[in-house]
Amino acid sequence: MKMLITGGAGFVGSHLCDKYVREGHKVICLDNFMNGDLRNVRHLLVFRNFKLMKGDIRDFDLLQRIMRDVDVVFHLAAQIHVERSYIEPQLTYDINVMGTQNILEIARLHDIKRVIYASTSEVYGSSLYHPMDEKHPLNAPHPYGASKIAADRMCYAYIQAFGMDIAIMRLFNIFGPRQKDIGYGGVISIFTRRVLSGLPPILYGDGSQTRDYTFVDDAVRAYDLVMNYSEPINEPVNFGSGKELSILDIANRIIGFCDKSDDIQPIHVEPRIGEVKRLIADSTRAKNLLGWEPQYDMDKGMREFVQWYRNYGFEEKINIG
Ligand SMILES: NC(=O)c1ccc[n+]([C@@H]2O[C@H](COP(=O)([O-])OP(=O)(O)OC[C@H]3O[C@@H](n4cnc5c(N)ncnc54)[C@H](O)[C@@H]3O)[C@@H](O)[C@H]2O)c1
C-alpha cells in the first residue's frame, strides 16, 4: 500500500513510519519540521520504500502532487501545543484547519481510499461527565482545541457530503519515546528530563488536574486497527485507558522510577489559565468496533519510557541536541 503520513517526523507519526516502512509499505513522510525531528526518522532513510519530504500541509499544490497515487493518508500534522495556540492562534488555525481542509479536498479529488485523521480528546474541554464518550459536548476552551474541533467536524462533513471514508480518531494523551522533552513537549518527557537532571517537576497549580494516558505502542495499534478495518468508520472514536491520573501523581511516579524519591519533590507555580481540569476516556466504541484496549498500564509504560530515556533519549539529546 502507498501511504502519506503527515507530521511523520513528529512523535506519533514517526512510530507509524517505523511500523509501515518495516512492513514493506511505501511511505511518504511529510513534515515541515516545525516540531518534528530528523532523529525520529533518520534510521529509515536507507529504506527505498521510505521517502522523507520537507513540506507544508498549507501548500495545496505540493499536496496535489504527492497525493496523486496514495491509497491511505494518516493526517497527523498539526500545531499541537495549547500554550503556543494562545500566542499564535492564527498559525494554529491555518495549520490545523486550513491544512486539514487541503488534505480533505485533495483526498476527495484524488479519490483516496481512506483518510485517518488525528483528532484529540482536547476537543471535549474539561469533562462534564465521566468517563467521556464521543457524545460529550465539544467545549475546548483554547484555540488549539477549537482548531481541532473545526478540523474534526470538517472531516465529518466530508463523510456526510461526499461519502468519503474518513476515520476520526480521538486519542487521549499519548506518551512514549520521542515525545519532545523541552518547550512544547509532553509532560511525562519533560518531568523525566528534569528529574534525571536533578531538577524538580514543575506543577501548574496544585497538580490535581487529571489526564488519561496511552502508551505510544497502544496508539500505533489503534491507528493500525483503524487502517485495516473492513468498513468505513463514519463516527469519531475515542481511544484512552479509562483511568485518570493526576499530574501530581505522575510527577511522583516519575520521581520514583528515576530513583530520586529521597532527593526531589515537585514544586508548584501559578495555575495555567484555561487548563482542562479533568479528562477520562470512555473507549467502549473502540473496544466494540475494533477490539482495541490498551495493553500497557501506566506504570509499565512509564517504567519503559524512563528506561528508554536513560539509555537513549537523554544521552542523544545531551550529545547532539
Ligand atoms: N501527543 C498526544 O498526546 C496527542 C493526543 C491526541 C491527539 N494527538 C494528535 O496527534 C497528532 C500528532 O501529535 P504528536 O504528539 O505526534 O505531535 P508532534 O508535534 O510531535 O507531531 C506533529 C508533526 O507535524 C509537523 N507539522 C506541524 N505543522 C505542519 C505543517 N504545516 N506541515 C507539515 N507538517 C507540520 C510537526 O513538525 C510535527 O513533526 C496531532 O495532530 C495531535 O493533535 C496527539
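Readers should treat all values here as calculations from the given coordinates under stated rules, not as data from a laboratory. Since the model is a prediction, treat every value here as computed from it, not as a measurement. Cβ sites come from the backbone with ideal geometry, for glycine too, and all protein chains shown count toward neighbours.
Worth a mention:
- Cα-based helix-to-principal-axis angle, 216-228 vs the chain, degrees rounded to 10: 20 degrees
- Fewest-first ranking of ASP299, ASP94, using other Cβ atoms within 10 Å as the exposure measure: ASP299, ASP94
- Computed from the C-alpha gyration tensor, the three semi-axes of the ellipsoid equivalent to the stretch 167-298 are 31, 15, 12 Å, from longest to shortest.
- Counting every pair of alpha carbons in the stretch 31-166, the share spaced more than 17 Å apart comes to 63 percent.
- Qualifying aspartates and glutamates (Cα of each under 15 Å from Cα of LYS287; at least 8 residues distant if same chain): ASP133, GLU134, ASP218, ASP224, GLU235
- Percent of Cα-Cα distances greater than 15 Å, calculated over the stretch 1-93: 57 percent
- About its Cα centre, the stretch 142-235 has a charge dipole of approximately 440 debye under the convention of +1 per Lys or Arg Cβ and -1 per Asp or Glu Cβ, with nothing else charged.
- Dipole magnitude (debye, nearest 20) for the chain, charges at Cβ of Lys, Arg, Asp, Glu: 620 debye
- Here the dipole of the stretch 222-321 is about 120 debye; that uses its Cα centre as origin and unit charges on the Cβ of Lys and Arg (positive) and Asp and Glu (negative).
- Shown here are the Rg and Dmax of the Cα trace of the stretch 220-321, at 17.9, 53 Å.
- Considering only ILE149, SER230, MET164, and ranking their Cα positions along the charge dipole of the stretch 140-243 that arises from unit charges at the beta-carbon of Lys, Arg, Asp and Glu, the one farthest toward the positive end is ILE149.
- Nearest 10 degrees, 0 to 90: helix 298-308 Cα axis against the chain principal axis: 90 degrees
- Largest to smallest principal axis extent of the C-alpha atoms in the chain, angstrom: 59, 46, 39
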